[in-house]
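The values are calculated or read from the model by the stated rules, or taken from the named source; none is laboratory data. From a predicted model like this one, the values you see are computed outputs, not experimental measurements. So basically every Cβ, Gly included, is an ideal-geometry build from the backbone, and we count neighbours across all protein chains shown.
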Amino acid sequence: MAFYRPATYQKPLAIALLIALFALPTALTAGGQEFYIGFASRVLIFALAATSLNLVLGFGGMFSLGHAAFFGAGAYAAAICMSNGITDALLALPLAMAAAGLLALSIGALSLRTRGVYFIMITLAFAQMAYYLFISARSWGGDDGLPLAGRMTLGGLSLGSDSALYYAALACLALVIAFLGRLAEARFGRVIQAIRENETRMEALGYPVFRYRLICFALGGALAGLAGALLANLTGLASPNLLQWMQSGTLLVMVIIGGVGYLYGGVVGAVVLLSLEEGLSGLTVHWHIGLGVLLLGIVLFAPRGVAALFGKRHG
Amino acid sequence: MTQLVLEQALNGLQFGLMLFLLAAGLTLVFGIMDCINLAHGSLYMVGAYFVAAAAQAADSFWIGLGAGVAGAAVLGLLLELTLFRQLYKRDHLSQVLATFALILIANEAVRMLWGAQPVMLNPPDALAGPVEIAGFFYPAYRLVIIAFGLAVAGLLYLLVAKSRVGMWVRAGASNREMTEALGINVRNLFTAVFVFGAALCALAGGLLGPLLAVQVGMGESVLILAFVVIIIGGIGSIRGALVGSLIVGTVDTLGRALLPTLLRAALPADAAATLGPTLASILIYLLMAGILFFKPQGLFPARA
């Protein structure tokens, strides 16, 4: 499976989508549905987190089940920045990315020594370790999480309003998607995809396979940290639940629903899953059963994901 | 202090043996069919609920335990025949997604049937009190769990290490294709292993029920511990699962009980108060990282 190469006809489509998303808050405000601006920001942020997992999983071929650790670490980094007076997004967001990226670098350095089922379980176990670390760290709020003092600013501009934060999340997501689309075509992207297809051959050709994988893993972690920092700003809280392994599972479900290895897979998955959650939870408190049955149906009948219904995968 | 250490060591042994009941089935599922079953913890949870419900209906803990274990075995059989058979041929992604979906369904179904509040499961009256061993008092029920755990672990070990079926299971875990080529029906063998694993889950859930709360989500945290056990022991190895369980059970229990005290003796009070609980809760993961660093395949790798 190859990472999606944006075909030429997709560029106008992406620009049209971007314009539509740009106009969304104005339209929602005009329609009196301001509540949904927060929901849309949530979708954008989870789309970013799922996309970062898709980079590791679909692009790098590394089946990590501990991605929530980096998502949560980014949220905590943002909260810690805020409580120490670092409120500018231009400083706080890179710091959150660096913190999550460093965590991913160290977990990856240990986990990537293993393969297959071992790798899945080890990433899961290390992520759980990070979860327990944050839950028992009393100076960071322990069980209750660490509340944010306020929202970030962007070079003097306040991100206090929901629409401002929405635009910040939209900008981050668009930049990351554009960056990853480029990366897939660049030398690093080609090498990492080749490693996914045939590791032994790339090793024999003299490529430092471990190092490429580790960089890809750490990059995915840093991008998840960016999403986590944005989410902490949206909800005003860095909660230990963000690191819980069920959260990793949820991100994974988004990627699989959307399509593993598709550039827009994470975005599609986040939109589908969060909309389902929003829609079904209004109907019944037991909506998880419906979701579970739906997921089983997808596994058994549409194993290549929803995105596979929309486009061919190249490669 | 010695008394505390002894008591906690017994608690650790008891916890380790219960972990072994969970890890044994899980490691064989990984080892033989190369199948990731995240829902193994849900079998433990559902088993505990079955035992609690049956014990309440029959007004007897032991009848409840027997009925609950039987019920979980039947559920395991149904799951294997309807769902897991489809999953073995699939990649790890599909297995994770499907078993993750099972967790969601199991948690919500249990919440619908029994409510969100924990369900009470009482130990048998005769075992409710403590008994005196070697000069200190220890809960009788915990001793029975230890005895149960030792008996089942011994039985399982004999079954896997000495019997013909056990030989097939071991052969299947180390080389599935070769075992099939020798004319052994790995598919049916596996159904039996899966059902047996489900029964062991329910046994662990039922026995631990009176000590912990029987509640929604109880399977998730214990599942991760079972994973750690399997990683330390080596995938597919029963011996590894036993050794790993005892290590994890003892280290986790002793760490939680003693580490804060030990740190208080060595560090300033406020540093110890912060570091103690944190370090205790991640101790087994540090242990796992350490073992992996030297033996990436675990202590007793089944696939050489």
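What pairs come up if the first residue lies in segment B:43-60 and is touching a residue at least 24 places away in the same chain (Cβ under 8 Å), the second is aromatic (Phe, Trp, Tyr), and their beta carbons are under 7 Å apart, counting only those six or more places apart or on different chains?
From segment B:43-60, the pairs are B:Tyr49/B:Trp114; B:Ala55/B:Phe61.
Just checking, does segment B:194-208 include any residue being within 30 Å of B:Phe100 (Cβ to Cβ), modelled with pLDDT under 90 and part of a helix (DSSP H, G or I)?
no
Let's see how each residue does on (1) outside any loop (DSSP other than H, G, I, E, B); (2) modelled with pLDDT of 90 or more; (3) touching a Lys or Arg at 6+ places or on another chain (Cβ under 8 Å); (4) not aromatic (Phe, Trp, Tyr):
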| position | (1), (2), (3), (4) |
| --- | --- |
| A:Ala2 | no, no, yes, yes |
| A:Thr8 | no, no, no, yes |
| A:Lys11 | yes, no, no, yes |
| A:Leu18 | yes, no, no, yes |
| A:Arg42 | yes, yes, no, yes |
| A:Ile45 | yes, yes, no, yes |
| A:Thr51 | yes, yes, no, yes |
| A:Gly66 | no, yes, no, yes |
| A:Gly74 | yes, yes, no, yes |
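Counting only residues that are under 18 Å from A:Gly116 (Cα atoms) and within 8 Å of chain A (Cβ to nearest Cβ), which one in segment B:264-297 is surrounded by the fewest Cβ atoms within 10 Å (Cβ to Cβ)?
By that ranking, first place goes to B:Phe293.
What is the number of the single condition among (1) in contact with a strand residue (DSSP E or B) (Cβ under 7 Å, 6 or more places away or on another chain); (2) of a type in the set (S, T, N, Q); (3) surrounded by 21 or more Cβ atoms within 10 Å (Cβ to Cβ) that B:Gln3 does not meet?
Every listed condition holds for B:Gln3 apart from (3).
Which pairs turn up if I take residues in segment B:164-186 that are closer than 17 Å to B:Cys35 by Cα and look for partners that are of a type in the set (S, T, N, Q) with beta carbon separation below 7 Å, at least 6 apart in sequence or on another chain?
Filtered contacts from segment B:164-186: B:Ala171/B:Thr179; B:Gly172/B:Thr179; B:Val186/B:Thr179.
What is the number of the single condition among (1) out of contact with any strand residue (DSSP E or B) (no Cβ under 6 Å at 6 or more places or on another chain); (2) more than 10 Å from every other protein chain (Cβ to nearest Cβ); (3) more than 23 Å from A:Phe134 (Cβ to Cβ) that B:Val214 does not meet?
For B:Val214, the exception is condition (1).
Quick check on segment A:63-83. Is at least one of its residues surrounded by fewer than 24 Cβ atoms within 10 Å (Cβ to Cβ), under 16 Å from the mean Cα position of the chain (by Cα) and more than 23 Å from A:Leu165 (Cα to Cα)?
Within segment A:63-83 (the criterion being surrounded by fewer than 24 Cβ atoms within 10 Å (Cβ to Cβ), under 16 Å from the mean Cα position of the chain (by Cα) and more than 23 Å from A:Leu165 (Cα to Cα)), the answer is yes, since at least one residue qualifies.
For segment A:145-173, how many residues are assigned to a loop (DSSP other than H, G, I, E, B) and not hydroxyl-bearing (Ser, Thr, Tyr)?
Number of matching residues: 10.
Does segment A:258-281 contain any residue that is part of a helix (DSSP H, G or I), within 11 Å of another protein chain (Cβ to nearest Cβ) and modelled with pLDDT under 90?
Scanning segment A:258-281 turns up no residue that is part of a helix (DSSP H, G or I), within 11 Å of another protein chain (Cβ to nearest Cβ) and modelled with pLDDT under 90.
Please determine, by comparing only the residues of segment A:155-169 that are in contact (Cβ under 8 Å) with a residue 24 or more places away in the chain and under 22 Å from the mean Cα position of the chain (by Cα), which one is nearest to A:Ala49 (Cα to Cα).
The selected residue is A:Ala169.
Just give me the residues in segment A:108-159 being within 10 Å of another protein chain (Cβ to nearest Cβ) and at positive phi, in sequence order.
Result: A:Gly116, A:Gly142.
Kindly provide the set of residues from segment B:81-115 that are within 9 Å of chain A (Cβ to nearest Cβ) and among the small types (Gly, Ala, Ser), ordered by number.
Across segment B:81-115, the qualifying residues are B:Ser94, B:Ala98, B:Ala101, B:Ala106, B:Ala109.
With A:Leu219, A:Leu223, A:Leu242, A:Leu251 as the choices, which residue is within 30 Å of A:Ile86 (Cβ to Cβ), crowded, with 24+ Cβ neighbours inside 10 Å and either of a type in the set (Asp, Glu) or within 14 Å of another protein chain (Cβ to nearest Cβ) (or both)?
Matching residue, one of A:Leu219, A:Leu223, A:Leu242, A:Leu251: A:Leu251.
Among the listed residues B:Val131, B:Val165, which satisfies the condition of being over 24 Å from the mean Cα position of the chain (by Cα) and surrounded by fewer than 19 Cβ atoms within 10 Å (Cβ to Cβ)?
B:Val131
Exactly one condition in (1) within 14 Å of chain B (Cβ to nearest Cβ); (2) at pLDDT below 95 is not met by A:Leu103; state its number.
(2)
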